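S.K.: Mind looking over this structure? Questions follow.
The values are calculated or read from the model by the stated rules, or taken from the named source; none is laboratory data. These figures come from a predicted structure and were not determined experimentally. Counting neighbours? That spans all protein chains shown, and the Cβs are built from the backbone with ideal geometry, glycine included. Note: accessible area is taken over every heavy atom of the protein model, side chains too, but ligands, DNA and RNA are not part of it. Shrake-Rupley method; radii C 1.70, N 1.55, O 1.52, S 1.80 Å.
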Amino acid sequence: MKRLFALLIAGLLPLLGGCEMVVFQPQGPAARSITELINWSIWWMLLVVVVVFALFTYIVWKYRDRPERQGEEPPEEHGSTVLEIVWTVIPILIVIALTIPTMRTLYDLEKPPKGYEDEKPLVIHVTSADWKWIFSYPEQNIETVNYVNIPAGRLVLFKMTSASTMQSFWVPALAGQKYTMNKMETELYVVADRPGSYEGRNTNFNGRGYAHMQFEVLAQTPQEFEKWVEEVKQTAPKLTKEKYEQLLLPTHLGRLTFVDTHLQWVNHADPHSKTYTNPELYRGHGYQGKIFIREDNYKSSSTCNDEEQKALESDSGGEHHGH
């Protein structure tokens, strides 16, 4: 038995060593508050596990079978009022200790983080479709697919909806998970502490292609962000209604960039808007484009060579490289 347990631990350690544990490396105030709540919960769960296993070990050892106890009849046990109160009150206290911080954190996540309450947010509309993410910048009048650039150190408000099925928006390094639903709108405040490249993904089971429904959040310095916006306005193609409806078909795409947004034709958060579902096309859903050319596109942007850039443009349909 001991040998089997040792083999099990030895087999799990290499797997755990490959985990990035992004949730425990927060890069923004929202993610940091979630990490603190997770750590708080883990300590309480660890306390429960240690106490239970200690009592289990003590009971097994104390009442183990021994030669001098052969034929011994154990005395009849009667209830203990003190013990009944103790093991009723302790779980209640544990539940209270977990519930209060959880509720406080959940309500705080619905508001701008501390220090950013009076700041005007950069509003970005997020639309999920099968199987891609569409980001609309109404103030800048540009739209991107499968990547979103934001200025680091600035409050960003994501207004999220879906063009078809319900999906789940999650950037573990920056914020918690939130659902996107057709004809509804959810909101998520995000601040990136520093420039960097962060992975986002869909965490909702909604068909064959959901597992590859990733996107990149590229936090830039404010100067880099403004420069990127100007480059997009000068070089990206114009988004048309026909092109947008093609984007909504069940396909895997790489990174795309456009001038104009689809908000001028349809706002999927509107209860009376059209629903774009195409279940007859789910069997064959195109090709998967490349969203991340390297692990960290921000750190490596200065070393991007021509071949990598051409590959990225090719995967994104040749529209725009997105940086």
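S.K.: Yes or no: segment 251-262 includes at least one residue that is in a loop (DSSP other than H, G, I, E, B) and under 21 Å from MET184 (Cβ atoms).
M.R.: Yes, because at least one residue in segment 251-262 is in a loop (DSSP other than H, G, I, E, B) and under 21 Å from MET184 (Cβ atoms).
S.K.: Among the residues of segment 19-43, which ones are open to solvent by 80 Å² or more (accessible area, probe 1.4 Å) and not in a loop (DSSP other than H, G, I, E, B)?
M.R.: Residues satisfying the conditions are PHE24, ARG32, GLU36, TRP40, TRP43.
S.K.: Restricting to segment 201-220, name every residue that is part of a strand (DSSP E or B) and of a type in the set (Lys, Arg).
M.R.: Residue satisfying the conditions is ARG201 alone.
S.K.: Now for a separate question. Show the residue pairs that are 6+ apart or on different chains and have beta-carbon atoms under 9 Å apart, the first residue being within segment 125-141 and under 11 Å from THR261 (Cα atoms) and in a loop (DSSP other than H, G, I, E, B), the second being of a type in the set (A, V, I, L, M, F, W, C) and open to solvent by 10 Å² or more (accessible area, probe 1.4 Å).
M.R.: Close Cβ pairs satisfying both conditions: PRO138/VAL123; PRO138/LEU263; GLU139/VAL123; ASN141/VAL259.
S.K.: Being more than 17 Å from SER41 (Cβ to Cβ) and within 28 Å of the chain's Cα centre (by Cα) is true for just one of GLU84, GLU110. Which residue is that?
M.R.: From the options GLU84, GLU110, the qualifying one is GLU110.
S.K.: Please list, ordered by first then second residue, the pairs with beta carbon atoms under 8 Å, 6 or more apart or interchain, first in segment 266-281 and without any contact (Cβ under 8 Å) to a residue 60 or more places away in the chain and open to solvent by 60 Å² or more (accessible area, probe 1.4 Å), second assigned to a loop (DSSP other than H, G, I, E, B) and not basic (Lys, Arg).
M.R.: Here the result reads LYS274/VAL266; LEU281/LEU249; LEU281/PRO250, each pair linking segment 266-281 to a residue that is assigned to a loop (DSSP other than H, G, I, E, B) and not basic (Lys, Arg).
S.K.: Follow-up. Quick check on my filter: what residues within segment 188-213 are open to solvent by 70 Å² or more (accessible area, probe 1.4 Å) and under 16 Å from LEU122 (Cβ atoms)?
M.R.: First, the residues of segment 188-213 that are open to solvent by 70 Å² or more (accessible area, probe 1.4 Å): 194, 199, 201, 205, 208, 212.
If the condition is that a residue be open to solvent by 70 Å² or more (accessible area, probe 1.4 Å) and under 16 Å from LEU122 (Cβ atoms), then no residue fits.
S.K.: Exactly one condition in (1) modelled with pLDDT under 70; (2) assigned to a helix (DSSP H, G or I); (3) among the hydrophobic types (A, V, I, L, M, F, W, C) is not met by ILE291; state its number.
M.R.: Among (1) modelled with pLDDT under 70; (2) assigned to a helix (DSSP H, G or I); (3) among the hydrophobic types (A, V, I, L, M, F, W, C), the lone unmet condition for ILE291 is (2).
S.K.: Also: Enumerate the pairs (first residue in segment 35-62 and in contact (Cβ under 8 Å) with a residue 60 or more places away in the chain and acidic (Asp, Glu); second residue anywhere and outside any helix (DSSP H, G or I) and surrounded by fewer than 12 Cβ atoms within 10 Å (Cβ to Cβ)) with beta-carbon separation below 8 Å, excluding pairs fewer than 6 apart on the same chain, so at least 6 apart or on different chains.
M.R.: Hits for this filter: zero, empty list.
S.K.: Based on what the data block shows, is LEU46 more than 16 Å from the chain's Cα centre (by Cα), at pLDDT 95 or above, open to solvent by 60 Å² or more (accessible area, probe 1.4 Å) and of a type outside the set (Ser, Thr, Tyr)?
M.R.: yes
S.K.: Filter segment 221-250 for residues that are part of a loop (DSSP other than H, G, I, E, B) and within 29 Å of the chain's Cα centre (by Cα); which is modelled with the lowest pLDDT?
M.R.: PRO250
S.K.: Sticking with this one: If you take the residues in segment 184-234 that are touching a residue at least 60 places away in the same chain (Cβ under 8 Å) and hydroxyl-bearing (Ser, Thr, Tyr), which one is farthest from PRO26 (Cα to Cα)?
M.R.: TYR210
S.K.: Could you list, in sequence order, all residues of segment 144-164 that are assigned to a loop (DSSP other than H, G, I, E, B), out of contact with any Phe, Trp or Tyr (no Cβ under 6 Å at 6 or more places or on another chain) and surrounded by 20 or more Cβ atoms within 10 Å (Cβ to Cβ)?
M.R.: If the condition is that a residue be assigned to a loop (DSSP other than H, G, I, E, B), out of contact with any Phe, Trp or Tyr (no Cβ under 6 Å at 6 or more places or on another chain) and surrounded by 20 or more Cβ atoms within 10 Å (Cβ to Cβ), then ALA152 is the only one that fits.
S.K.: Still on this model: Spot the failing condition for LEU106; the list is (1) more than 20 Å from THR180 (Cβ to Cβ); (2) open to solvent by 80 Å² or more (accessible area, probe 1.4 Å), and only one is missed.
M.R.: (1)
S.K.: To continue, here is another question. Hey, does segment 69-89 have a residue that's among the charged types (D, E, K, R), open to solvent by less than 90 Å² (accessible area, probe 1.4 Å) and outside any helix (DSSP H, G or I)?
M.R.: Scanning segment 69-89 turns up no residue that is among the charged types (D, E, K, R), open to solvent by less than 90 Å² (accessible area, probe 1.4 Å) and outside any helix (DSSP H, G or I).
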